[in-house]
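**Student:** Input: one structure, supplied below.
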Amino acid sequence: MSLPITVIVERLGGTLVGSSELSINAIAPLETAGPNEISFLSNPLYVDQLDKTRAGCVILSSNHIKQGSASRGGTFIVVDNPYLYFAQLTQLWRTLHPLHDSSEPLVHPSAVIHPNAHVHPSARIGPHCVVGSGAVIGERTVLTSSVNVAHSCKIGADCIIHPGVVIGADGFGFAQNQGKWVKIEQLGSVLIGNQVEIGANTCIDRGALGDTVIEDGVKLDNLIQIAHNVRIGAHTAIAAFVGVSGSTKIGAHCTVAGGAGFVGHIEIADHVNIGAKAVITRSIAEKGNYGGYYPFDSDSVWRKNAAILRKLSSLRDKVKSLMLGGSK
Amino acid sequence: MSLPITVIVERLGGTLVGSSELSINAIAPLETAGPNEISFLSNPLYVDQLDKTRAGCVILSSNHIKQGSASRGGTFIVVDNPYLYFAQLTQLWRTLHPLHDSSEPLVHPSAVIHPNAHVHPSARIGPHCVVGSGAVIGERTVLTSSVNVAHSCKIGADCIIHPGVVIGADGFGFAQNQGKWVKIEQLGSVLIGNQVEIGANTCIDRGALGDTVIEDGVKLDNLIQIAHNVRIGAHTAIAAFVGVSGSTKIGAHCTVAGGAGFVGHIEIADHVNIGAKAVITRSIAEKGNYGGYYPFDSDSVWRKNAAILRKLSSLRDKVKSLMLGGSK
Amino acid sequence: MSLPITVIVERLGGTLVGSSELSINAIAPLETAGPNEISFLSNPLYVDQLDKTRAGCVILSSNHIKQGSASRGGTFIVVDNPYLYFAQLTQLWRTLHPLHDSSEPLVHPSAVIHPNAHVHPSARIGPHCVVGSGAVIGERTVLTSSVNVAHSCKIGADCIIHPGVVIGADGFGFAQNQGKWVKIEQLGSVLIGNQVEIGANTCIDRGALGDTVIEDGVKLDNLIQIAHNVRIGAHTAIAAFVGVSGSTKIGAHCTVAGGAGFVGHIEIADHVNIGAKAVITRSIAEKGNYGGYYPFDSDSVWRKNAAILRKLSSLRDKVKSLMLGGSK
């Protein structure tokens, strides 16, 4: 399907420079885009690619235009925020190339929806989903396929839940009794706000007493573990393999990189950015960037350094004794 | 549903101090509990909350009573182990508020159970579960929903298997042949004992030749990987994102915190506790606490330290030369 | 079922030393194998076990024979590469003990296959699988059970996809707009080559614009995350809990140990081996072994060392001042 460049500008704004005759067949990266494809330049590091690209049209900012790139000719859409414009263009593209035939039923016949569940008539429930008793699925929310939403869990409007997600399994709670574990029944639930997206095979456990809460606009990647009674603040984005232990609260507008972990019962302020694989062991009260992982190296260098690291306190003691004037 | 406090004490024991007229509507944390709710005090750090709570009744130990908390009036259940009592209370609560209508069939019609599988008539098999040929599911064991149990795998009695769990997928075994991987068919199986709980999307691979074994009373959190021929000892509890590599044996009564990993072919003694994100690279013969992760910090501090860490051996050499009396 | 030793040698080659009358009931490890079982010796560290094993037959190399092990009598198959021979034997075993009755249909009736999907008539699609519109499943490829293959994703021939795998969920892509995340529709797809094996609950996201590519012969363990627009080179093997961030390219014939992570937009050469839990933060141009994780220790030793590590730059500064002749 072909989309006139004029329609794009009409729908999404921006200033068209160059040919208004162009018709777009696809969105593509600068490196590979061809004459009937549209691309974008967002990262100034890639400004050189403008000279080489064969893209029929490039979305860019007026700064890039000033750098003389447009002088080579070609067609541009000049906007304030090219990356945001690109995102909006992908959405326009999706609207024009919908994933589902309007003749398909919104609820797939293989989905198992408990008679006491409340699924909004505009929600889409894909193949092999399971929605438990008392669960609520909001307006226009999509459970793609093989999604499990356990009893009493509530999902707001305009959410996208990817395959294999498990919402509302029991939190991991046990008391010790003479060397055996006694189950603490998980009597709380999960509350998910609006415009939340949850990646494939991510797990969000139900609360032990109160609820586990995911606020509006949160974006969770694949294979994330959210333990019982956690709260994730609005518009926070979390990458794959992040684990958040029980009762921890993460603020709003945070970002958490892949593989980071949070111990339980701590609190993270708003606007905190956590680096990859960091182990967050105490509350963070100040916004800012935090992180820490072991730097990788060639195997031989790492092994040597790690061996010294294991005896770091002895190295420190030697330095101390030297500072006091001692030597061997 | 309302539960007279006297019934709780009758069923679970403990000494009731205060009003025997009280009727309980919910179990709640100390901070949020209201006058018709019951709470518990287990961690002595929170003893101050006793003065502020609005809970109708608090489960606590005689120590806490002695600290004068009861003097403010109110209703208490005095027990030896408040946390264990709380666990038992949640179980009583669940019994009185069952998740499933007794009219529901134990095996959901959407479950796919191989005709050669052996499912005990008291087991519950939820929606979209798959039970393979020759698999055995024991008495009262629950496969919640979307659980996969592959051919020949055996699960004991009174287990709870949460959604998305995969039991008995092939272990990861290949031989090299001129740069290509040749599959080693995984001819073993998985044996799971009694009273085992397995969290959502956890994977337990079948053995290559012998079996992968999970002993009685083991508790596994979500998103855990148990490789082929691993053995997990009785009453060991493992948190999310833990990976146990092939043929490793973990003892009984161990705990493993989130994100820890074990290399293959090692042996961990009983009563070992492993800290978060630790990489366990050799056998542990002595019970005790082990761990290690890179401490997080503000991004700038961490980057500085990590850069030095990468040259730790050069720092060590400088100290050595200083110890020998040398300086630049 | 019993398999004459002569049939094994006839099918797989090797030199039979000893009794040609032997009939094999099972393949077993050296430690546990009995008189009607066959075992193998691959790792020279275990050569001592040859004297103790009760195995009816042992697969070994001529080196081991020379070490005199065969002098005790017994039956051996002498081959160049015992581990490879063992792998081939497991395959022979599987062929003779097939998992599926030939009367079972190749496509399970509970699978949901979109009418526009292209499933080769020789492919096996197990219970509760979902195959989206335009998806392609190649010859003899097996989707075991509960596998999700989203619209337009293509899987080659002779692949094995284990339960819970999600292929083609949306990549994690968003633009910021005044503190909120704007979804970038993921318009690319996933291309998977031939003879690829993918472990349980692993996720491979679809590309944002181009495709995510898994080349021929790649072996992925359980619970792996492959982000959008990643490319994994042919015959690379990756262990559990590895995360590969967006647009990163990993070469051919690499191995990646469990829990390692790759940041986005980097490139790893062919024949690179990455150690467990390593965080790979920049491109690697040279083949070789790379790694790095925090060494575990007893909890008390680790805590002491970690505290010093957090102040490593101050320790370095002290050494610098000592080198310059300063002391306190």
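**Student:** Counting only residues that are of a type outside the set (A, V, I, L, M), more than 23 Å from residue C:173 (Cβ to Cβ) and touching a strand residue (DSSP E or B) at 6+ places or on another chain (Cβ under 6 Å), how many does the stretch C:216-232 have?
**Tutor:** First, the residues of the stretch C:216-232 that are of a type outside the set (A, V, I, L, M): C:216-217, C:219, C:221-222, C:225, C:228-229, C:231.
When the remaining residues are screened for being more than 23 Å from residue C:173 (Cβ to Cβ), the result is C:216-217, C:219, C:221-222.
Then keep just the ones that are touching a strand residue (DSSP E or B) at 6+ places or on another chain (Cβ under 6 Å); that gives C:217, C:219, C:222.
Residues meeting the conditions: 3.
**Student:** Taking residue A:134 as the residue in question, decide whether it is small (Gly, Ala, Ser), free of Cβ contacts under 8 Å to residues at least 24 places away in the same chain and within 22 Å of residue B:93 (Cα to Cα). Can you show your working first?
**Tutor:** Working: small (Gly, Ala, Ser): yes; free of Cβ contacts under 8 Å to residues at least 24 places away in the same chain: yes; within 22 Å of residue B:93 (Cα to Cα): yes.
So residue A:134 fits the description; yes.
**Student:** For residues that are on the phi < 0 side of the Ramachandran plot and within 12 Å of chain C (Cβ to nearest Cβ), tally how many sit in the stretch A:237-255. If you could, list the steps in order and put the result at the bottom.
**Tutor:** First, pick out the residues of the stretch A:237-255 that are on the phi < 0 side of the Ramachandran plot: A:237-240, A:242-246, A:248-252, A:254-255.
With the extra rule that they be within 12 Å of chain C (Cβ to nearest Cβ), the set shrinks to A:237-240, A:242-243, A:252, A:254-255.
The qualifying residues number 9.
**Student:** What number of residues in the stretch B:180-213 are in a strand (DSSP E or B) and either out of contact with any Lys or Arg (no Cβ under 7 Å at 6 or more places or on another chain) or touching a residue at least 12 places away in the same chain (Cβ under 8 Å) (or both)? Please lay out each step first, then the result.
**Tutor:** Here is the first cut: in the stretch B:180-213, the residues in a strand (DSSP E or B) are B:180-183, B:190-192, B:197-198, B:203-205, B:212-213.
With the extra rule that they be either out of contact with any Lys or Arg (no Cβ under 7 Å at 6 or more places or on another chain) or touching a residue at least 12 places away in the same chain (Cβ under 8 Å) (or both), the set shrinks to B:180, B:182-183, B:190-192, B:197-198, B:203-205, B:212-213.
Here the count works out to 13.
**Student:** Same structure again: Of all residues in the stretch C:218-236 being of a type in the set (Val, Ile, Thr) and outside any loop (DSSP other than H, G, I, E, B), which is farthest from the other protein chains (Cβ to nearest Cβ)? Steps first, answer last, please.
**Tutor:** Step one: of the stretch C:218-236, the residues of a type in the set (Val, Ile, Thr) are C:218, C:224, C:226, C:230, C:232, C:236.
Subset that is outside any loop (DSSP other than H, G, I, E, B): C:226, C:232.
Values: C:226: 9, C:232: 13 Å.
Only one residue fits best here, namely C:232.
**Student:** Give all pairs with beta carbons closer than 6 Å in which a residue from the stretch C:57-70 that is hydroxyl-bearing (Ser, Thr, Tyr) meets a residue that is at pLDDT 90 or above and in a helix (DSSP H, G or I); count only pairs at least 6 apart in sequence or on separate chains.
**Tutor:** Once the first residue is hydroxyl-bearing (Ser, Thr, Tyr) and sits in the stretch C:57-70, its partners that are at pLDDT 90 or above and in a helix (DSSP H, G or I) give C:61/C:82.
**Student:** Can you pull out the residues in the stretch B:199-217 that are under 18 Å from residue B:163 (Cβ atoms) and away from chain A (no Cβ under 14 Å)?
**Tutor:** Hit for the stretch B:199-217 is B:204, nothing else.
Here is a yes/no grid of residues against (1) of a type outside the set (S, T, N, Q); (2) closer than 30 Å to residue C:314 by Cβ:
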| position | (1), (2) |
| --- | --- |
| B:250 | yes, no |
| B:253 | yes, no |
| B:274 | yes, no |
| B:293 | yes, yes |
| B:297 | yes, yes |
| B:302 | yes, yes |
| B:305 | no, yes |
| B:312 | yes, yes |
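**Student:** What is the number of the single condition among (1) more than 10 Å from chain B (Cβ to nearest Cβ); (2) surrounded by 15 or more Cβ atoms within 10 Å (Cβ to Cβ) that residue C:110 does not meet?
**Tutor:** Status for residue C:110: all satisfied but (1).
**Student:** Scan the stretch B:159-174 and give yes if some residue there is surrounded by fewer than 24 Cβ atoms within 10 Å (Cβ to Cβ) and within 13 Å of the chain's Cα centre (by Cα), otherwise no.
**Tutor:** Yes; the residues of the stretch B:159-174 include at least one that is surrounded by fewer than 24 Cβ atoms within 10 Å (Cβ to Cβ) and within 13 Å of the chain's Cα centre (by Cα).
**Student:** Can you find, within the stretch A:237-252, the residue that is farthest from residue A:171 (Cα to Cα) among those that are of a type outside the set (S, T, N, Q) and in a loop (DSSP other than H, G, I, E, B)? Steps first, answer last, please.
**Tutor:** Initially, the stretch A:237-252 is screened for residues of a type outside the set (S, T, N, Q), giving A:237-244, A:246, A:249-252.
Restricting the remaining residues to those that are in a loop (DSSP other than H, G, I, E, B) gives A:239-242, A:246, A:251-252.
Values: A:239: 21, A:240: 20, A:241: 18, A:242: 16, A:246: 8, A:251: 21, A:252: 23 Å.
Among residues in the stretch A:237-252 that are of a type outside the set (S, T, N, Q) and in a loop (DSSP other than H, G, I, E, B), the one farthest from residue A:171 (Cα to Cα) is A:252.
**Student:** Against the conditions (1) assigned to a loop (DSSP other than H, G, I, E, B); (2) of a type in the set (Lys, Arg); (3) in contact with a Ser or Thr (Cβ under 9 Å, 6 or more places away or on another chain), where does residue C:277 fall short? Just the number, please.
**Tutor:** Exception for residue C:277: condition (3).
**Student:** Another question about this same structure. So which residues in the stretch B:1-52 are surrounded by 13 or more Cβ atoms within 10 Å (Cβ to Cβ), assigned to a helix (DSSP H, G or I) and free of Cβ contacts under 8 Å to residues at least 40 places away in the same chain, if there are any at all?
**Tutor:** B:6, B:7, B:46, B:49, B:50, listed by residue number.
**Student:** Go through the stretch C:153-179 and give me each residue that's touching a residue at least 40 places away in the same chain (Cβ under 8 Å) and either more than 7 Å from every other protein chain (Cβ to nearest Cβ) or polar (S, T, N, Q) (or both).
**Tutor:** Residues satisfying the conditions are C:153, C:155, C:156, C:171, C:173.
**Student:** Here are some residues: B:261, B:275, B:288. Which one is under 19 Å from residue B:173 (Cα atoms) and within 12 Å of chain C (Cβ to nearest Cβ)?
**Tutor:** Values: B:275 fails: under 19 Å from residue B:173 (Cα atoms); B:288 fails: under 19 Å from residue B:173 (Cα atoms).
Residue meeting the stated conditions: B:261.
**Student:** Sort out which residues of the stretch C:187-198 are more than 8 Å from chain A (Cβ to nearest Cβ) and either touching a Pro at 6+ places or on another chain (Cβ under 7 Å) or of a type outside the set (Val, Ile, Thr) (or both), and write them in order of number. Write out each step before concluding.
**Tutor:** Step one: list which residues in the stretch C:187-198 are more than 8 Å from chain A (Cβ to nearest Cβ), which gives C:188-198.
The answer is C:188, C:189, C:191, C:193, C:194, C:195, C:197.
The values are calculated or read from the model by the stated rules, or taken from the named source; none is laboratory data. From a predicted model like this one, the values you see are computed outputs, not experimental measurements. Note that each Cβ is placed from the backbone with ideal geometry, even for glycine, and that neighbours are counted across all protein chains shown.
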